[in-house]
Amino acid sequence: MQTWSLVSICVLLSIIARWGVSLNSYSGAGKPPMFGDYEAQRHWQEVTYNLPIQEWYFNTTNNDLNYWGLDYPPLTAYHSWICAYLAKTINPEWVELHKSRGYESTQHKLFMRTTVLVADLLIYIPAVVLYCLYLTDGSSKKKVSVMFCFLLYPGLILIDYGHFQYNGVSLGFALWGILALGLGWDVLGSMAFSLALNYKQMELYHALPFFCYLLGKCIKTGLMGRGLFLLVRVGVTVLATFALCWLPFLAEPSQAMQVVRRIFPVARGLFEDKVANTWCSLNTLIKIRSILSGDSQLYLSLACTLLAVLPSCIRLLTKPTFWHFKLALVNSSLAFFLFSFQVHEKSILLAALPACLLLNDLPLMALWFLQASTFSMLPLFLKDGLLVPYIVTSLGFLFFSIYLLSALDHCSEDKLRLGAYNKLFYWVLKMDLAFIVRWKFYISIAAMVGLSIAAAVLIAPLHLPDLFPVLISTTAFLHFLGTFIHFNVVQFSEPPSRKSQKKSN
Amino acid sequence: SRPTVMAADSCSWFSALAVGVSLLKCFFISAYRSTDFEVHRNWLAITHSLPVSRWYYENTSEWTLDYPPLFAWFEFGLSQVARSFDANMLQVENLNYAMCPRETAGASDTAVSCFLIGSVLLLQVLQVHIHFQYNGFLFGFLLLSVAKHLQSQHLQGALLFAFLLNLKHIYLYVAPAYGVYLLRSYCFTQDNKDGSIRWSSFSLRRLLALGAIVTSVCALSFGPFIAMGQLPQVLSRLFPFKRGLCHAYWAPNIWALYNVLDKTLAVLGVRLKLLDKAELPLASMTGGLVQEFEHSVLPSVTPAVTLVCTLLSILPAAASIWLRPRGARGFLRCLLLCALGSFMFGWHVHEKAILIAILPLSILAVENREDAGIFLILTTTGHYSLFPLLFTAPLLPFKVALMLMFSIFSFTYQCSYYLDTLKYFTFSILEVVFPLSPWQQRLPFLPLLVTSVYCAMGVCYAFLRLYASLLLQREDKPKLL
């Protein structure tokens, strides 16, 4: 079958999967007074449409920041404005100031879900298709398989189409940036990434690798000649994009400052809720939050994050190839997720995107991590009533990636790209690496399945009410830590020769 | 050998497809409050809570047990497992247990849904050679049985079919194909050089073996009920002729076209003052209710008539493989034609029954380009005829996506271009223009009617082409058993 028809069919199937999830419940459905993220998005449409720009981020009588105040950068606000404009033409009740709080109806749900699908179709899905067709190697059948698995990643589908968010837009822009950098269009890439940053500030997790890659490239092409020229062009592009996005807020400094204050709320603590990162998991053994003061917590997490991120970024700086760039993206976002301040469980999506990029090169590790990332968000899904879509999409993803990518066959030493390091880890046992890895995978999946069933069916004992979220987050944490170490090792081992010939640019 | 390699390839492809479709079905389950859950739950309850003698008499719920006893035993087994999930769902009185909306998602609610989904998925995944759709594991049995025949293991194939027949009696449609094929190609061990029958090679031993298999399976299934003298009651549950000629939503068969013709003639007759409006029966065939009704202009159709028509439609196919057997491929074609013929002319056919015909065709489609073309036509009409079931606005993207996918398939294989254009035209009119037009109020059944007619024409076309390919085909070398 021709590639274009296979691609179209896969895209249509992924749309069907997305829409299937969207028929389920959303976050905060039927739960006054605060509801959930769905209501937050609706409220932002209400605020952006009815109030002048100067009031969007300020606490006024018309805009109560305690009720889902805007806490994303301006591009999100503009997007909400566009959606609100459409909403007003269809049914003004949806965005009426004050009166539409907590508005819920099947028509409105259909509208909101459609906005997510349209945003995906315009931004995220084309980026995925182009990436898989032009920046992965292999036969066209392999490329389409990778694309299909990429599009089926459950975490993003469940959060965007279930819980309700617009991660597809920010991740999509970031992916366009990665795509452009991969094709050698640095200026466009940096513009796309700036747009992603202006949509959600969490994209800062990816900022260091972008910076190091571009800087490394400039240094390589000579800091006194073309490299400098490139640096200047990239810098100007970034500044121009930021200026364009923040234009309405640059009139007064207080405006810009308020926006910054909203999007970086440093007053909160080390972590909130149960997250699969170091601090939360450490908290089960030692109560960190009570031992250290607020400031020392901040410094500790800053130090740990920097320490975790630096090796990978420095490696990227010295070897600015696309392969290293992809790995650095995973490592950097995982480092931030594991050690940073005020991390939310949804931030794992920022690490999942680069992992999807590695589906072609390291199928088993990538899909293992992606499955673990979906699993880590299970408590959130259970709260939102998304158990059935979770099961269905996870099963589908696991099945199709194992079947189409032959992930379990690629366990040999050189396939895992561990290079010389595998000798270090496994000579003691004197066993076949592929055998060990496969069995670890099976056990891990079994553990995830078991915990999922337990969390869904059993009721936690009274003296341990958070038993299952804690168990889930600690298990996920162990997986993430393992993935982090593994991908760091891969980044530091020599890539195979054909890779370094193809991807150096 | 090449066919087995291709079969293995297509089987792994089919399993992937089957898993994918099973998972897709789960989305539909949560979307569109399917009564299948309630049916399943009710049968679990009946087989668990009541003694065997009451199984076929129970009618608290509208979903009475109307599958053969082997399926009832299977539900009984499943109910033992269900008991540990949530015993309440096994009370017969708790109608619509799983479907009641609840304020809080309690653990039992999730448990019931999990169990039901899990059992459906498990059944579909357990079979290796699974194929599409809603009664997945039964189709798996059918495919397995056919595969056994293709591999010349006829006794196993016959055993599987006997099981299948006792699990769901709809497969009676294809029993003639099995009967004729096994009799002709298995019981007569050799043919004459020109392919005609050699009476002297009749093997009584083989006939007896087949008979023993079939009777033992039926005894296992029906035995207890015959012993209790309940056979007439069971049969009346299994073959409910009290229901009308057509299902509430007309399956795309000959009778749909017949109904339309009748209605048109009635309307014309009234307009042209040839008939008196008062004489026409008031009950509308299109009212969506399942009752007995009569045709106004054309003669009414009785179950006996449909039986005769079905037998007549099957006769040429059966005769063809009797006189000139073409091995397992010919059997498959005959099977397909029996299924399609029964679908076209049967009494109270459900549109899902088209899947029994699509299944064997898919095996043939893998090897033969012409069959692939017909397969696409049938699947297109098959899936399009299900669209009226997806009538709420949130389900529109599914319909669009499915239609686009099928169009891409058929465009790539360069067939049925005109059918596609017509389909797009019909679809856009029915989905977009019609709801906004003034006729929506007066003729609300019109979309269903148009869909039925359109699909019926597609099915008829496929039927005729398949018959042509069977009768005009050059013979394969008859396979020696």
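So the check is Cβ under 7 Å with 6+ separation or different chains; which pairs have a first residue in region A:86-101 that's within 12 Å of A:N50 (Cα to Cα) and a second one that's hydroxyl-bearing (S, T, Y) and modelled with pLDDT of 90 or more?
Short answer, once both residue conditions are applied: A:K88/A:Y49; A:V95/A:Y49.
Conditions (1) within 30 Å of A:H479 (Cα to Cα); (2) of a type in the set (K, R), marked per residue:
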| residue | (1), (2) |
| --- | --- |
| A:C218 | no, no |
| A:L223 | no, no |
| A:R233 | no, yes |
| A:F242 | no, no |
| A:A251 | no, no |
| A:E272 | yes, no |
| A:I288 | yes, no |
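Every residue, every condition in (1) away from chain A (no Cβ under 14 Å); (2) part of a helix (DSSP H, G or I); (3) at pLDDT 70 or above, yes or no:
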| site | (1), (2), (3) |
| --- | --- |
| B:I358 | yes, yes, yes |
| B:S362 | yes, yes, yes |
| B:T381 | yes, yes, yes |
| B:A401 | no, yes, yes |
| B:L404 | no, yes, yes |
| B:T421 | yes, yes, no |
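Kindly indicate which of B:L44, B:L23, B:L65 is crowded, with 20+ Cβ neighbours inside 10 Å, at pLDDT 70 or above and within 11 Å of chain A (Cβ to nearest Cβ).
Of B:L44, B:L23, B:L65, the one residue that is crowded, with 20+ Cβ neighbours inside 10 Å, at pLDDT 70 or above and within 11 Å of chain A (Cβ to nearest Cβ) is B:L23.
Rundown of residues vs (1) of a type in the set (D, E, K, R); (2) farther than 23 Å from A:A29 by Cβ; (3) out of contact with any helix residue (DSSP H, G or I) (no Cβ under 8 Å at 6 or more places or on another chain); (4) within 14 Å of another protein chain (Cβ to nearest Cβ), yes/no style:
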{"residue": "A:E96", "(1), (2), (3), (4)": "yes, no, no, no"}
{"residue": "A:R101", "(1), (2), (3), (4)": "yes, no, no, no"}
{"residue": "A:H108", "(1), (2), (3), (4)": "no, no, no, yes"}
{"residue": "A:L117", "(1), (2), (3), (4)": "no, no, no, yes"}
{"residue": "A:I125", "(1), (2), (3), (4)": "no, yes, no, yes"}
{"residue": "A:Y131", "(1), (2), (3), (4)": "no, yes, no, no"}
{"residue": "A:L135", "(1), (2), (3), (4)": "no, yes, no, no"}
{"residue": "A:K143", "(1), (2), (3), (4)": "yes, yes, no, no"}
{"residue": "A:F150", "(1), (2), (3), (4)": "no, yes, no, no"}
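Examine region B:311-323 for a residue that is assigned to a loop (DSSP other than H, G, I, E, B), at pLDDT below 85 and either assigned by the TED database to the domain that holds B:Q190 or on the phi < 0 side of the Ramachandran plot (or both), and state whether such a residue exists.
Initial filter on region B:311-323 (assigned to a loop (DSSP other than H, G, I, E, B)): none.
Among the residues of region B:311-323, not one is assigned to a loop (DSSP other than H, G, I, E, B), at pLDDT below 85 and either assigned by the TED database to the domain that holds B:Q190 or on the phi < 0 side of the Ramachandran plot (or both), which makes the answer no.
Please report, ordered by residue number, the helices (runs of 4 or more DSSP H) entirely within region A:193-299 with at least 2 residues that are touching a residue at least 24 places away in the same chain (Cβ under 8 Å).
Result: A:207-220, A:226-246, A:253-263, A:278-285.
State whether the residues of region A:360-378 include one that is over 29 Å from A:A434 (Cβ atoms) and either in contact with a Lys or Arg (Cβ under 8 Å, 6 or more places away or on another chain) or buried (at least 24 other Cβ atoms within 10 Å of the Cβ) (or both).
Restricting attention to region A:360-378, the residues satisfying the condition of being over 29 Å from A:A434 (Cβ atoms) are A:377-378.
Applying the additional criterion that residues be either in contact with a Lys or Arg (Cβ under 8 Å, 6 or more places away or on another chain) or buried (at least 24 other Cβ atoms within 10 Å of the Cβ) (or both) yields A:377-378.
Scanning region A:360-378 turns up at least one residue that is over 29 Å from A:A434 (Cβ atoms) and either in contact with a Lys or Arg (Cβ under 8 Å, 6 or more places away or on another chain) or buried (at least 24 other Cβ atoms within 10 Å of the Cβ) (or both).
Give the residue, chosen from A:K143, A:K109, A:K99, that is buried (at least 20 other Cβ atoms within 10 Å of the Cβ) and of a type in the set (K, R).
Just a single option satisfies the conditions, and that option is A:K143.
Does A:I90 fit the bill of being within 14 Å of chain B (Cβ to nearest Cβ) and more than 29 Å from the chain's Cα centre (by Cα)?
In short, yes.
In region A:29-51, how many are touching a residue at least 60 places away in the same chain (Cβ under 8 Å) and either buried (at least 22 other Cβ atoms within 10 Å of the Cβ) or more than 14 Å from chain B (Cβ to nearest Cβ) (or both)? Give the steps one after another, and end with the answer.
At the first step, the residues of region A:29-51 found to be touching a residue at least 60 places away in the same chain (Cβ under 8 Å) are A:29-30, A:32-33, A:35-39, A:41-42.
Now narrow it down to the ones that are either buried (at least 22 other Cβ atoms within 10 Å of the Cβ) or more than 14 Å from chain B (Cβ to nearest Cβ) (or both): A:33, A:35-39, A:41-42.
Number satisfying all stated conditions: 8.
Sort through A:L382, A:L307 and tell me the only one that's more than 14 Å from chain B (Cβ to nearest Cβ) and in a helix (DSSP H, G or I).
After applying the criteria, what remains is A:L307.
Yes/no per residue for (1) more than 14 Å from chain B (Cβ to nearest Cβ); (2) free of Cβ contacts under 8 Å to residues at least 40 places away in the same chain; (3) over 21 Å from A:F468 (Cα atoms):
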| site | (1), (2), (3) |
| --- | --- |
| A:L353 | yes, no, yes |
| A:A366 | yes, yes, yes |
| A:S373 | yes, no, no |
| A:V388 | no, no, no |
| A:L404 | no, no, yes |
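I want to confirm something. Restricting to region A:1-20 and keeping residues that are buried (at least 19 other Cβ atoms within 10 Å of the Cβ) and more than 7 Å from every other protein chain (Cβ to nearest Cβ), which single residue is farthest from A:P92 (Cα to Cα)?
Per the stated criteria, the residue is A:L6.
The values are calculated or read from the model by the stated rules, or taken from the named source; none is laboratory data. Computed from a predicted model, the values in this text were never measured in an experiment. Here the Cβ is made from the backbone with ideal geometry for all residues, glycine too, and neighbour counts use every protein chain on show.
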